[in-house]
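Structure record follows, encoded as structure tokens.
The values are calculated or read from the model by the stated rules, or taken from the named source; none is laboratory data. Values in this document were obtained by computation on a predicted structure and should not be read as measured data. Every residue, glycine among them, receives a Cβ derived from its backbone with ideal geometry; neighbour counts consider all protein chains shown. Each accessible area value is taken on the protein alone, full model and side chains, heavy atoms only, with ligands, DNA and RNA left out. Shrake-Rupley method; radii C 1.70, N 1.55, O 1.52, S 1.80 Å.
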Amino acid sequence: MLLASKQYRSVQILLRRAAPDLKAGPKLKVHHVDFAMLPATFPTVDDVFITLGTTIKLAGSEAAFRQVDFAFVVNTARAARAAGATRLAVVSAVGADAKSRVFYNRVKGEMEAAIAQLGYKSIVIAQPSLLLVDRAALGQPVRSLEVWAARLLEPMSWMMPKGVRPIHARAVASALLTAILTAKPGVRVLKSGAMQAHDHP
């Protein structure tokens, strides 16, 4: 979507691992990085989109999960801001709450609070429900629980409230892009139910 947008002359992408469907080109520059040691010279951009995330099972521990979903996200946002970025879009999760007793939701909430303090002119936070996405095509580990939940819930999603029904990653991406291009100063939160309107092939 970024590559297709006339609003962007170039796109810089930072990846933890190779993504088979993402090839460098005239408009796209691909950087493979270790998010624990970000490059000293960070790409200079205006807008930043952060979609980093994992699960406790994949990460192996709560501490490793927190490193990805809090430290990597916040440090990337901080580095981009230091390099001149003024607008930030981040994928969080439904239920994010820094005071939550649920560890996952608490980490997401703490991340949201931390990025709000980095000095961005505009911040857009997406809080999707269960994401429907072909992770294998992105070169990501398949999340078995996510696959089974999607298989069980997607056929019945029309009966579920919009705020909790599974949502396609493309809908979240479209909502974030639309929101950042029309962003006003401050922090805006996109709820999962509202993002469902962006779900189209």
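Just order 58-70, 26-38, 187-199 by mean Cβ neighbour count inside 10 Å, highest at the front, would you? Don't skip to the answer; put the middle values down first.
Details: 58-70: 15.7, 26-38: 12.3, 187-199: 17.6.
Packing order, densest peptide first, comes out as 187-199, 58-70, 26-38.
Sequence neighbours fewer than 8 away in the same chain don't count; with that in mind, list the lysines whose C-alpha is under 21 Å from Lys23.
Lys6
Less than 18 Å from a label point 7 Å out along the Cα-to-Cβ axis of Ser5: which backbone N atoms in region 64-92 qualify, by residue?
77, 80-81, 84-92, by backbone N distance to the label point.
Just flag the trypsin sites (Lys or Arg not before Pro) in region 71-124 sitting in loop per DSSP whose Cβ has no more than 10 other Cβ atoms within 10 Å. Could you put the intermediate results ahead of the total?
Details: sites: Arg78, Arg81, Arg87, Lys99, Arg101, Arg106, Lys108, Lys121; in loops: Lys99, Arg101, Lys121.
Loop-located and lightly packed - Lys99, Arg101.
Could you give the length gained on full extension between Ala116 and Ser100, defined as 0.36 nm per residue of separation minus the Cα-Cα distance, in nm? The partial results should precede the final answer.
Values: separation 16, 0.36 × 16 = 5.76 nm, distance 1.82 nm.
Value of the extension gain: 3.9 nm.
So with the 1.4 Å probe, I'd like the accessible area per residue for region 72-111, rounded to whole Å². Show your work: numbers first, answer last.
Numbers: 1690 Å² over 40 residues.
Heavy-atom SASA per residue in region 72-111 reads 42 Å².
What's the carbon and sulfur percent of region 4-70's accessible surface, probe 1.4 angstrom, rounded to a whole number?
On the way: 2330 of 4390 Å².
Heavy-atom surface of region 4-70 belonging to carbon and sulfur, 1.4 Å probe: 53 percent.
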